[in-house]
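Take a look at the structure below.
Since every read-out is calculated from the coordinates, none of them should be taken as a lab result. As the structure is a computational prediction, the values presented were derived from the model and not from experiment. Neighbour counts run over all protein chains shown; Cβ positions are idealised from the backbone, glycine included.
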Amino acid sequence: MVRTLIRQIKEYKKDSLLTMLYAALEVVLEIIIPLLMASLIDKGIEAQNINQVIKYGIMMFVIAIGTLSLGFLAGNHAAKASTGFAANLRDAMYTNIQTFSFSNIDKYSTAGLVTRLTTDVTNVQNAYQMIIRMCIRAPMSLICALAMAMMINLKLSMIFVVAIIFLVTVLVIIMYHATKYFNDVFPKYDTLNESVQENVVGIRVVKSFVREKYENEKFKKAAQNIYKLFVKAESVLSYNNPAMLVAVYGSILMLSWLGAKAIVAGNLTTGELTSLFSYIMNIMMSLMMLSMAFVMITMSLASGRRIVEVINEQSDLVSPNHALTDVKDGSIDFNHVVFSYKHGSGEPVLKDVDLHIKSGETIGIIGGTGSAKSSLVNLISRLYDVDEGSVEVGGQDVRNYDLELLRDEVAVVLQKNVLFSGTILQNLRWGNESASEEECKEACRLACADEFIERFEDGYQTYLEQGGSNVSGGQKQRLCIARALLKKPKILILDDSTSAVDTATDASIQESFNQRIPDTTKIIISQRISSVQNASRIIVLNDGVVDGFDSHEQLLKTNEIYRTIYETQMKGKEEE
Ligand SMILES: Nc1ncnc2c1ncn2[C@@H]1O[C@H](COP(=O)(O)OP(=O)(O)O)[C@@H](O)[C@H]1O
Ligand SMILES: [Mg+2]
């Protein structure tokens, strides 16, 4: 895991190394100051030599300035290195998420991905900044200070050793307990984000069902969970401070007592004792830093694991090495297809589907919700792979095509479709970047979207809000159809894409398809018989099984399910 993370440091290695270098130099200078202090007291003040006082005073001042500048430089580079590292991590995750197949996306929730891209990266960033500043500095400072103290007085330094052992023991115990809580806390963030996302995206639904109170409760609970875990983790960590103070004041007391005795006995000078006091502070500060770094590392380990998971996720749908570069025509063949989500482990959603569709045909698909209509068509553009059998387009297995080519030739207007923030024209050009304005307008005419677009004040320059929330459902659907048409695909699939469009417009869209794109294979999924009855053949799906595949007239005679749907819908119409 750590290796994957480190690989993302990339161009910020230099800044990271400079940080460590400056931090190390800072320690060296810091260590010298107490020594100068000792000399200043012993040779200057005690000997009442003002020249010595000035000499050592100036030296200390210069070194102090040096330490300060080095600290500043180290901080600066550390900030650059850690934020750069974080940017790289986000970039790596984001790039990989773009390659995800639908089944990869199914595995993570959207909210989970968002948490990983934000909170988790920030954790790793903070930890990294801490590590590069402290990993050399703190141990080095600890060892140097201890060595200096031993040089001054070996016996008295034993006080330090005892204090260090005491502190380290306490810290290890604290870490062990805190880690447990931190590991639990981040998945809780996913729940929180999920709650926010669901609520904000569905705010209109929430309001119309008057579910605000319930949603509030849900959010509060998620927030409370995080709060509780953090309080637990932090309360374990808070033992850090008292332990630290016991160690510091314990050593100071011991040192004062034993030091005073040593001075009286003539084994120690006043200056040396002052330096020993400074070194105590140095040692304790280093331990403090180390313990803080440990906390950050424990916290970020959980985050790091979650980030690496995303970076290393392999898309299970990739283009083959020697991909076909041309789709011959729009014929589609399902050869005894069995398909399940989660590859084999789940209940099969499609069971032994065997269908053969000629290029240019208009095919209707009808069936209840959950009868696997969407699943069936998603196999054609290879959004998922089959478990058994094969799906062929233009006489070739879809797995032999370059994915990009296949998805250009098979345009799907998904059931849950989205528009992006931007103008209408920009949205249409998702279908084909280089489409001229005239081509865009033509596509809109085909999809019967022109009439309402032209009524907008800004026409094709009308700005669509995120998710297309400022156009109606039916308008959105027609824009999505126009966008798909711009690809000039060989196969066009409309997955319940005219559900919010009135029947008359629906019919005229189909009419224009028949006249203007007769060679394109058109697959129309609908809940309405009226939307599919003019198709050359209609697939009746029932619980993942093809129950009938024939023309409207034939199905009425031979297919029980189809006839029932037809009769219920006709009755409804008459009542209207
Ligand atoms: N991404 C998915 N992961 C797991 N199961 C799914 C997924 N999408 C659909 N399903 C399941 O597959 C079955 C068929 O769904 P679907 O093809 O969407 O039906 P339809 O489009 O006819 O309403 C349903 O039982 C549904 O719960
Ligand atoms: Mg569906």
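Please report, in Å, the Rg and the Dmax of the range 2-312, where both are computed over Cα atoms only.
25.5, 87
Cut-off is 10 Å between beta-carbons; in what order do THR369, THR498 appear when sorted fewest neighbours first? Let's see the in-between values first.
Numbers: THR369 8, THR498 25.
Listing THR369, THR498 from fewest to most nearby Cβ atoms yields THR369, THR498.
So what J values fall out for the range 518-527 if you push phi through Karplus, 6.51 cos²θ - 1.76 cosθ + 1.60 with θ = phi - 60°, rounded to Hz, Gly and Pro as x?
x, 7, 7, 6, 10, 10, 10, 8, 7, 8
Using +1 on the beta carbon of Lys and Arg, -1 on that of Asp and Glu, and nothing else charged, what's the dipole of the chain about the Cα centre, debye to 20? Kindly include the intermediate steps, with their values, before the conclusion.
Details: 55 positive and 63 negative charges, 595 e Å.
Here the size comes out at about 2860 debye.
Please work out the Cα center distance from the range 269-292 to the range 478-506, rounded to the nearest Å.
Here the two parts' Cα centres lie 74 Å apart.
Round to a whole angstrom and tell me the spacing of the C-alpha centers of the range 520-547 and the range 1-62.
About 78 Å separates the Cα centre of the range 520-547 from the one of the range 1-62.
Apply the Debye scattering formula to the chain, with a single equal point scatterer on each alpha-carbon and no solvent, then give log10 I(q)/I(0) at q = 0.06, 0.07, 0.11 Å⁻¹.
Reported log10 I(q)/I(0), two decimals: -0.52, -0.63, -1.08.
Cα centroids of the range 96-113 and the range 302-378: how far apart, whole angstrom?
16
Would you please give the FRET efficiency between TYR463 and TYR249, computed as 1/(1 + (r/R0)^6) with r the Cβ-Cβ distance and R0 = 60 Å, to the nearest 0.05? Walk me through the numbers before you get to the answer.
Working: r = 65 Å, r/R0 = 1.09.
After rounding to 0.05, the efficiency reads 0.35.
Can you give the helix-only mean residue ellipticity at 222 nm for the chain, where every DSSP H stretch with n ≥ 4 adds -39500 (n - 2.57) and the sum goes over all residues, rounded to the nearest 500 deg cm²/dmol?
Working: 22 runs with 362 residues, N = 576.
It lands at -21000 deg cm²/dmol.
Quickly rank 146-157, 475-486 as a protection proxy: mean count of other C-beta atoms within 10 Å, highest first.
Details: 146-157: 17.2, 475-486: 25.2.
In descending order of packing, they fall as 475-486, 146-157.
Looking at the chain, send over the antiparallel percent of its DSSP beta bridges, to the nearest 5. Numbers along the way, then the final one.
Numbers: 19 of 37 bridges.
Counting only bridges with both partners in the chain, antiparallel ones make up about 50 percent.
In whole percent, what relative contact order does the range 332-545 give with Cα contacts below 8 Å and a gap of six or more residues?
Working: 415 pairs, mean separation 67.9, N = 214.
So the answer I get is 32 percent.
Which residue, chosen from VAL353, ILE105, MET254, occupies the Cα position most advanced towards the positive end of the dipole of the chain, where the dipole is computed from +1 (Lys, Arg) and -1 (Asp, Glu) charges on Cβ about the Cα centre?
MET254
I'd like the antiparallel share, as a percent to the nearest 5, of DSSP beta bridges with both residues in the range 332-545.
Details: 15 of 32 bridges.
So the antiparallel bridges amount to about 45 percent of the total.
Please give the peptides 524-537, 194-207 ranked by average Cβ packing (other Cβ atoms within 10 Å per residue), highest first, as a rough proxy for protection. Walk me through the intermediate numbers first.
Values: 524-537: 19.9, 194-207: 14.4.
Those peptides, ordered most packed to least, come out 524-537, 194-207.
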